[in-house]
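Participant: Got a structure for you, written out below as structure tokens; questions coming shortly.
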Amino acid sequence: MNKPGRLISLPFSKSVEISYKSLKVRFFRSMITVSSLVLAVSFLSFVLVNLDIATGMLLHGGREAARALSQAGYDVDLAQGAVAMSAKERWIVILSLLVCTVGIVNAQLMSVTERFSEIGVMKCLGALDSMILRLFLLEAAMQGLVGAFAGALLGCLFSLLTGAVRFGIASLASLPLVSLLGSVGLATLAGCALSLLGVLYPAWLAARMDPIKAIRAEH
């Protein structure tokens, strides 16, 4: 007999295992989230790496490089040796990330709806709200890491190819490796953050769900 007030605990390793198995069972549903992340993060990575290439060209090429970059549509500050994305690119990046977040929220809400009975059974067996929340966050983190990393690498590759075509192979020689890795890492972190942000509301709904109503729900 359990002592009064004793809490049921779920080890973190077991939570990871359950989340991984859940993603495998709902593979095609998970791919919706992953694919939207790949598209959004690849564009972000593409823009960031483009800026790295342009900055490297400006630092090594001086006025001639600044003229070529200006003709290509970049906002160039020769005095500070900096290159910025255009206002149009900024808006496109912001909109793509917003659309990605909305898509993730929608996909996760559908996932919660499909799992009403499962959530209800888990809560009837003693699962705490924090456990349900942790499972959804772990699933989102796994999806975010895979989708964001794949998107960051894809965007980086296309950016390098585009830079070589527009400015020649020599333009890649002035690209700092640290800046390149930083841009890929930043895009990956942004994708993971979007995935976690998009799952917060659906996960909160799942955690606060009444177990009896969840089991009886029709979907």
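The values are calculated or read from the model by the stated rules, or taken from the named source; none is laboratory data. This one's a predicted model, so the numbers in the text were calculated from it and none came from an experiment. Reconstructed Cβ throughout: ideal geometry from the backbone, glycine too, with neighbour counts over all protein chains shown. In case anyone asks, the SASA skips ligands and DNA or RNA and just uses the protein heavy atoms, side chains included. Shrake-Rupley method; radii C 1.70, N 1.55, O 1.52, S 1.80 Å.
Participant: Which residues, counting only those in region 13-31, are modelled with pLDDT of 80 or more, in contact with a helix residue (DSSP H, G or I) (Cβ under 8 Å, 6 or more places away or on another chain) and part of a helix (DSSP H, G or I)?
Facilitator: Selection gives Ser15, Val16, Ile18, Ser19, Tyr20, Ser22, Leu23, Ser30.
Participant: Please identify the pairs in which a residue from region 80-94 that is at pLDDT 80 or above has its Cβ atom under 8 Å from the Cβ atom of a residue that is in a helix (DSSP H, G or I), counting only partners at least 6 apart or on another chain.
Facilitator: Ile92/Phe43; Val93/Phe43; Val93/Leu44; Val93/Val47
Participant: Answer yes or no: is there a residue in region 207-214 that is open to solvent by 10 Å² or more (accessible area, probe 1.4 Å), of a type in the set (A, V, I, L, M, F, W, C) and outside any helix (DSSP H, G or I).
Facilitator: Yes: region 207-214 contains one or more residues that are open to solvent by 10 Å² or more (accessible area, probe 1.4 Å), of a type in the set (A, V, I, L, M, F, W, C) and outside any helix (DSSP H, G or I).
Participant: So which of Ser130, Ser111, Ser70 ends up being open to solvent by 50 Å² or more (accessible area, probe 1.4 Å), among the small types (Gly, Ala, Ser) and at pLDDT below 85?
Facilitator: Checking each option against the conditions leaves just Ser70.
Participant: When you go through (1) closer than 30 Å to Leu175 by Cα; (2) of a type in the set (Val, Ile, Thr); (3) in a helix (DSSP H, G or I); (4) in contact with a helix residue (DSSP H, G or I) (Cβ under 9 Å, 6 or more places away or on another chain) one by one for Val83, which number turns out not to apply?
Facilitator: Among (1) closer than 30 Å to Leu175 by Cα; (2) of a type in the set (Val, Ile, Thr); (3) in a helix (DSSP H, G or I); (4) in contact with a helix residue (DSSP H, G or I) (Cβ under 9 Å, 6 or more places away or on another chain), the lone unmet condition for Val83 is (3).
Yes/no matrix, rows are residues, columns are (1) of a type in the set (A, V, I, L, M); (2) open to solvent by less than 30 Å² (accessible area, probe 1.4 Å); (3) out of contact with any Asp or Glu (no Cβ under 7 Å at 6 or more places or on another chain):
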| residue | (1), (2), (3) |
| --- | --- |
| Leu137 | yes, no, yes |
| Gly155 | no, yes, yes |
| Ile169 | yes, no, yes |
| Leu194 | yes, yes, yes |
| Tyr201 | no, no, yes |
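Participant: Determine, yes or no, whether Leu186 is open to solvent by 30 Å² or more (accessible area, probe 1.4 Å), under 30 Å from Arg134 (Cα atoms) and modelled with pLDDT of 90 or more.
Facilitator: Judged against the criteria, Leu186 is a match.
Participant: While we're here: Consider only pairs whose beta carbons are under 7 Å apart and that are at least six residues apart or on different chains; among these, list those whose first residue lies in region 158-184 and is part of a helix (DSSP H, G or I) and whose second residue is among the acidic types (Asp, Glu).
Facilitator: Ser179/Asp52; Leu180/Asp52; Ser183/Asp52
Participant: Here's a follow-up. In region 110-125, which residues are in a helix (DSSP H, G or I) and within 28 Å of the chain's Cα centre (by Cα)? Reasoning before the result, please.
Facilitator: Quick first cut of region 110-125, residues in a helix (DSSP H, G or I) only: 110-114, 116-124.
Listed by number, the residues that qualify are Met110, Ser111, Val112, Thr113, Glu114, Phe116, Glu118, Ile119.
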